[in-house]
1. Given R₀ = 51 Å, what would the calculated FRET efficiency be for Leu80 paired with Cys169, taking r from the Cβ atoms and rounding to 0.05?
2. Taking neighbour Cβ counts within 10 Å as the exposure measure, how do Ser229, Ser187 sort from fewest upward?
3. Return the percentage of antiparallel bridges among DSSP beta bridges fully within region 120-246, rounded to the nearest 5 %.
4. Show log10 I(q)/I(0) for region 145-279 at q = 0.10 Å⁻¹, two decimals, from a solvent-free Debye sum over equal Cα scatterers.
5. Pairs Lys72/Lys121; Lys57/Lys271; Lys57/Lys165; Lys121/Lys270; Lys57/Lys145; Lys165/Lys199: which are spaced more than 32 Å apart, C-alpha to C-alpha?
6. With r defined as the distance between the Cβ atoms of Ile112 and Arg207 and R0 fixed at 41 Å, what FRET efficiency is calculated, to the nearest 0.05?
7. Figure the gain on full extension for Lys72 and Leu230 (residue separation times 0.36 nm, minus the Cα-Cα span) and round it to one decimal in nm.
Amino acid sequence: MSKDHEYFNMAKSYFIDHHLGDNALSQDTLEEVIKFHQSSSWIPLKEVHNINHTTEKSQWVECVLDADIIPKFNQEVYKLNSDEKQQKIGSSEIDFDKGYEMSLETLGRILINSFSRKKAKRYESTDDIYISIPILLVFNNNAVKGLQAGTYVFNETDACLLRIKEWGCENIEAIAHTFSQTRELPSYTAIAYALDMRKATILHGIRGYRHGLFEIGAMKQSLREAIWSLDKEELLVEHCWTDFADNMVTHVCGTNIRLAPITLIQWFGKKQKGEANVS
């Protein structure tokens, strides 16, 4: 791409974002949505962990594990019969092999199969306008061959990764603490899902936040299925994570705390040992 063409695209993007976008945006609605999101974000990591991990919760989880939500009363029961075998899908895992070095080819297949729109994305969004951003996180210089530790955005048009923030080795421990209270990272590779609050509000108004969460749910499932569709010899697995300090993680990822907050982390990598489970 020539410099002139690159500058033209930058000017076009600026005009769309700061002229057309500003005219279409309700600033009051945006502030209301941001305030709602931040109401659950300013929680210290220690408190996040305590909220999600209590003895009472563990006892309750044991009772409801693998149980569907069904009404206590019904008018009639209709039995459904199917001869088709249920398709097996990889289960979520948390035991990763942190000594594994992923190739750029494997990473590329995962990202393209998960998020590319060459023909059509694997997940839908209203009017084909997507309001969520998948950000690749690399926590170790040896995690992906040829990539330094840092954060990257996938440019699907040119099939490349754009590094937006580099992490020095001396900063990794401090960065890890924003993702985990124990400072122990499950894997050295992950996808962080950021929600473009401004774009969501322009497109859907007060309901934009809801649409964004729907989209992120579809994106994480798309990544899961893309990983499971790889050769089984790879034994790649994934695991979703919400036990992190929202605003601190957003900051270290290089996005705007108010306008592009991180809402979900999805770790992925090679399973530590044995065979990947199916469920």
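No lab work stands behind these numbers, since they all come straight from the coordinates. Please read all numbers here as calculations on a predicted model, not as lab measurements. Ideal geometry is used to build each Cβ from the backbone, glycine not excepted, and the neighbour counts take in all protein chains shown.
1. Values: r = 56 Å, r/R0 = 1.09.
Rounded to the nearest 0.05, the efficiency is 0.35.
2. On the way: Ser229 14, Ser187 25.
With the sparsest Cβ surroundings first, the list reads Ser229, Ser187.
3. Values: 17 of 17 bridges.
Bridges in region 120-246 are about 100 percent antiparallel.
4. Once normalised to I(0) and log-transformed, intensities are -0.37.
5. Working: Lys72/Lys121 39 Å; Lys57/Lys271 28 Å; Lys57/Lys165 37 Å; Lys121/Lys270 25 Å; Lys57/Lys145 41 Å; Lys165/Lys199 23 Å.
Going by Cα-Cα distance, Lys72/Lys121; Lys57/Lys165; Lys57/Lys145 fall outside the 32 Å limit.
6. Values: r = 31 Å, r/R0 = 0.75.
That pair, Ile112 with Arg207, gives E of 0.85.
7. Length gained between Lys72 and Leu230: 52.8 nm.
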